[in-house]
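**Q** Below is the structure I would like to discuss, written out as structure tokens.
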Amino acid sequence: MATSTESMLKVVEPATEQVLAEIPQAGVEEADAAIARAKEAFPAWKRIAPGERAAIMRAIASAISAKAEDLARLEARNVGKPIGDARAEVGLVVDVFNYYAGAPERLLGETIPVAGGVDMTFREPLGVVGLITPWNFPLPIASWKVAPALAAGNTVVLKPAELTPLTALELERIAREAGLPEGVLNVVVGPGRVVGERLVEHPDVAKVAFTGSTAVGRRVSQLASERIKRVTLELGGKSANIVFADADLEKAAASAPLAVFGNAGQDCCARSRILVQRSALDAFMGALEDAVEALRVGDPLDESTQMGPLISADQREKVGSYVGDGAPVAIRGSAPEGPGYWFPPTVLAPVSNDDRAAREEIFGPVACVIPFDTEEEAVAIANDTEYGLSGSIWTTNGARALRVARGLETGTISVNSNTSVRVTTPFGGFKQSGLGRELGPHALDYYTELKNVFMSTE
Ligand code: NAD
């Protein structure tokens, strides 16, 4: 195990397989130093006037906005995501900081009727929070944690994924230049097993917010539970896209590909199980084939690209293991030859919900089409998974839409849409997709403790 800086980390561009940057890799010593800086900065950041904290958050939003194109290009190159998607993600990050800039002055408590005095509640910051993020949406997921944590008065140590640390380092620099006091936000780049675990184990870190795989989330949860450390987890998914025969099939089929193949399928909300009512199956498959063939897969920096490469050679090998492993390949799109970690958008059909491809999170551009007959069967198949993150329902019957939405064991549902994330609404998982919620006002509950104060009037 590394205990201090031992090596330089090579950050690779997935579309070219070339080294994009080389940066120092931190170990336990650097993690401890960052935690110490955050601890020192906490009392002043906690006490700063709410309006001043809000103004700094707004200044960070403006500074990100001013650097939006550079950040989007860096993220597009480092993750291999289409530049149009990267721009939209940076726009979301600006919105997230502006939204939580409203929080410092609105962290309200209650007064509670009691005998003999006045009872009131306060929302107190936790202290130093450790934030651990994945490589698929590096900047947005960092912002979903950093912005509410700072708004509530916490100080932060952020550990981005080793594959995609570059925009987190930029965020630290931008925030500092925008007026965030020294030590309030600290980015530490290093291995998850070393720096990530140190954040979970360190006694001066009050809470850990983790986004990543369910397997690592389980480990984080175990380490946290030994210390009764607060923890929130945003984990994997295997979401269902349920298409009823009464739906607008053209619209459902046109939007289904990017609901799985967006970000090259490396999306926790990917609707990777497409459940189609059998009477509409042929019509849907025809329209889906047209939509998959029309997908533009290629250079992330090309304005017309809709899907880029996978993040790494390992990821490509893992994704490939699900194709030709039982379920037939019904549709295969195209992808560049290489260099680059390319993988063609692929639809397996028909798939049984018991097949490995339907049970495990593939995290690549592979969709499973699973036929069903009745509404009850659709809900049962959709719920027959250890995950519960997201999902969609396509129907023109409003009562059915609500009935099914209430029946699904999943955190975020869209009707006649494939979107999952809005700045103002809660996002998070049921079952093994996680613990807690991000975004919206609810996220603030996970970055504050509720304090109750009783004052006698007698
Ligand atoms: P991962 O679990 O491998 O890594 C996530 C982060 O955890 C990285 O920063 C990594 O360095 C760190 N880490 C690794 N081992 C650790 C350990 N032992 N202790 C502490 N930290 C450790 O995940 P990934 O491959 O980067 O991301 C893909 C996964 O993330 C998928 O499963 C995806 O579904 C999930 N994800 C979930 C959401 C959500 O909001 N629910 C969003 C995006 C991604």
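**Q** If a residue has to be within 23 Å of Leu150 (Cβ to Cβ) and either near the ligand (Cβ under 9 Å from one of its atoms) or without any contact (Cβ under 8 Å) to a residue 40 or more places away in the chain (or both) to count, how many in the stretch 212-231 make the cut?
**A** So the count comes out to 4.
**Q** Any chance the stretch 359-367 includes a residue that's farther than 28 Å from Glu13 by Cβ, out of contact with any Gly (no Cβ under 7 Å at 6 or more places or on another chain) and loosely packed, with under 14 Cβ neighbours inside 10 Å?
**A** Among the residues of the stretch 359-367, not one is farther than 28 Å from Glu13 by Cβ, out of contact with any Gly (no Cβ under 7 Å at 6 or more places or on another chain) and loosely packed, with under 14 Cβ neighbours inside 10 Å, which makes the answer no.
**Q** Please name all residue pairs, on different chains or six or more residues apart, with Cβ atoms under 7 Å, provided the first residue is in the stretch 345-361 and is free of Cβ contacts under 8 Å to residues at least 24 places away in the same chain and the second residue is within 16 Å of the ligand (Cβ to nearest atom).
**A** Listed by first residue and then by second, the contacts come to Thr346/Pro365; Thr346/Val366.
**Q** Looking for whichever is farther than 30 Å from Val453 by Cβ, crowded, with 17+ Cβ neighbours inside 10 Å and not charged (D, E, K, R) here; the options are Ala88, Ala54, Ala103, Ala72. Which one fits?
**A** Exactly one of Ala88, Ala54, Ala103, Ala72 is farther than 30 Å from Val453 by Cβ, crowded, with 17+ Cβ neighbours inside 10 Å and not charged (D, E, K, R), namely Ala72.
Conditions (1) in contact with a helix residue (DSSP H, G or I) (Cβ under 8 Å, 6 or more places away or on another chain); (2) within 16 Å of the ligand (Cβ to nearest atom), marked per residue:
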residue	(1), (2)
Ala76	yes, no
Asp85	yes, yes
Phe97	yes, no
Gly109	no, no
Pro113	no, no
Val118	no, no
Leu139	yes, yes
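**Q** Now for a separate question. Right, Ala209: in a helix (DSSP H, G or I) and either near the ligand (Cβ under 8 Å from one of its atoms) or touching a Leu at 6+ places or on another chain (Cβ under 7 Å) (or both) or not?
**A** Taking the combined requirement at face value, the residue does not satisfy it.
**Q** Just to be sure I understand the filter: pairs with C-beta atoms under 7 Å, separated by 6 or more residues or on different chains, first member in the stretch 195-207 and closer than 14 Å to Leu233 by Cβ, second member modelled with pLDDT under 95 and not in a helix (DSSP H, G or I). Which pairs pass?
**A** The qualifying pairs do not exist here.
**Q** Which of the residues belonging to the stretch 161-194 are of a type in the set (Ser, Thr, Tyr) and away from the ligand (no atom under 12 Å from the Cβ)?
**A** Correct list: Thr167 only.
**Q** Give the residue that is surrounded by the most Cβ atoms within 10 Å (Cβ to Cβ), with candidates limited to residues of the stretch 419-429 that are within 16 Å of the ligand (Cβ to nearest atom), part of a loop (DSSP other than H, G, I, E, B) and touching a residue at least 40 places away in the same chain (Cβ under 8 Å).
**A** Among them, the one singled out is Gly429.
**Q** Quickly run through the stretch 327-337 and pick out the residues that are out of contact with any Phe, Trp or Tyr (no Cβ under 7 Å at 6 or more places or on another chain), surrounded by fewer than 22 Cβ atoms within 10 Å (Cβ to Cβ) and touching a residue at least 12 places away in the same chain (Cβ under 8 Å).
**A** Once the filter is applied, which keeps residues that are out of contact with any Phe, Trp or Tyr (no Cβ under 7 Å at 6 or more places or on another chain), surrounded by fewer than 22 Cβ atoms within 10 Å (Cβ to Cβ) and touching a residue at least 12 places away in the same chain (Cβ under 8 Å), the stretch 327-337 yields Pro328, Val329, Ala330, Ile331, Arg332, Gly333, Ser334.
**Q** I've got another one for you. So Leu288 passes all but one of these: (1) in a helix (DSSP H, G or I); (2) within 16 Å of the ligand (Cβ to nearest atom). Which condition number does it fail?
**A** All conditions are met except number (2).
**Q** How do the pairs read when you match residues in the stretch 388-405 that are within 22 Å of Phe284 (Cα to Cα) with residues anywhere that are within 16 Å of the ligand (Cβ to nearest atom) and basic (Lys, Arg), using Cβ under 7 Å and keeping only pairs 6 or more apart or on different chains?
**A** If the second residue must be within 16 Å of the ligand (Cβ to nearest atom) and basic (Lys, Arg), the pairs left are Gly391/Arg271; Ser392/Arg271.
**Q** Which residues, taken from the stretch 1-60, are β-branched (Val, Ile, Thr), closer than 27 Å to Glu197 by Cα and part of a loop (DSSP other than H, G, I, E, B)?
**A** Residues satisfying the conditions are Thr3, Thr5.
**Q** If you check every pair at least six apart or on different chains, which have Cβ atoms under 9 Å apart with a residue in the stretch 77-90 that is closer than 11 Å to Asn263 by Cα first and a residue that is aromatic (Phe, Trp, Tyr) second?
**A** Val79/Trp135; Val79/Phe137; Gly80/Tyr341; Lys81/Phe137
The values are calculated or read from the model by the stated rules, or taken from the named source; none is laboratory data. Keep in mind that this is a model prediction, so the values were computed, not measured. Using ideal geometry, Cβ is built from the backbone for each residue, glycine included, and neighbour counts are taken over all protein chains shown.
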